[in-house]
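Peer 1: Here it is, the structure, as structure tokens.
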Amino acid sequence: MLASGVVDQERRSQWLRGVLDMCVLAMVSGGESYGYHLVQAVEAAGLGPIKGGTLYPVLLRLESTGLVATDWRQGPSGPARKYYRITAAGQATLRQAVLDWQSFSSDVNAILQRGNAILQEGQST
């Protein structure tokens, strides 16, 4: 049997895989950014630490579908960085994703609340 912390970590990891694309798209909607900065932003937002091996396929997918555009620039004190910025198609996709997420998360929350209420009723009997 897995420890509760391991199960919680795995659950959070699965959730993140499902929403990371739209979260990254939302993060670049606030202004262009580069990979390492996005890794830090995801962690600072409370979504947990992620590795470049998780983020870069997301960025490549967003770029290949035209949701972000990129360009390389010399870093202030190091190698060139690939900067990502949202495109018009990315903005439209993000707007729709927000609406879809609001509906989906509301439905999930309702199911979880019903399940929790049933558990609470069972404990009081």
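FYI, it's all coordinate maths here, none of it is from the lab. None of the values given here were measured: they were computed from a predicted structure. No Cβ is skipped: glycine too gets one built from the backbone with ideal geometry, and neighbour counts run over all protein chains shown.
Peer 1: Provide the gained length on full extension for the span GLN14 to GLU121, in nm with one decimal, where the gain is 0.36 nm per separating residue minus the Cα-Cα distance. The partial results should precede the final answer.
Peer 2: Numbers: separation 107, 0.36 × 107 = 38.52 nm, distance 2.94 nm.
That pair, GLN14 and GLU121, stretches by 35.6 nm at full extension.
Peer 1: Give me P(r) over the range 18-98, computed from all C-alpha to C-alpha distances, binned every 5 Å, as integer percentages.
Peer 2: Per 5 Å bin, starting at zero, the Cα-Cα P(r) for the range 18-98 comes out as 3, 15, 29, 25, 18, 7, 2, 0 percent.
Peer 1: Can you give the convex hull volume of the alpha carbon atoms of the range 14-56 per residue, in Å³?
Peer 2: On the way: hull volume 2.8 nm³, N = 43.
Here the figure is 65 Å³ per residue.
Peer 1: For the range 59-125, treating each Cα as an identical point scatterer without solvent, what Debye log10 I(q)/I(0) comes out at q = 0.14, 0.15, 0.19, 0.28 1/Å?
Peer 2: Computed log10 I(q)/I(0) values: -0.64, -0.68, -0.82, -1.07.
Peer 1: Answer with one residue from SER103, PRO76, GLY66: the one whose Cα lies farthest towards the positive end of the charge dipole of the chain, charges on Cβ with Lys, Arg +1 and Asp, Glu -1.
Peer 2: Value computed over the given set: PRO76.
Peer 1: If you don't mind, another one. Describe numerically, in nm with one decimal, the distance between label points set 7 Å from Cα along Cα→Cβ at SER29 and at ALA88.
Peer 2: 1.8
Peer 1: Order of GLU43, GLU121, GLU32 from fewest to most other C-beta atoms within 10 Å?
Peer 2: Numbers: GLU43 12, GLU121 9, GLU32 15.
Ordered from fewest to most neighbouring Cβ atoms within 10 Å, GLU43, GLU121, GLU32 come out as GLU121, GLU43, GLU32.
Peer 1: Additional query: Sorted from fewest to most neighbouring beta carbons within 10 Å, what does the list ILE86, ILE111, ILE50 look like? Provide the component values of the computation, followed by the final result.
Peer 2: Working: ILE86 23, ILE111 10, ILE50 19.
With the fewest neighbours first, ILE86, ILE111, ILE50 line up as ILE111, ILE50, ILE86.
Peer 1: When only C-alpha pairs under 8 Å and at least 6 residues apart count, what is the relative contact order of the range 7-105, in percent?
Peer 2: Working: 95 pairs, mean separation 28.2, N = 99.
About 28 percent, as a whole number.
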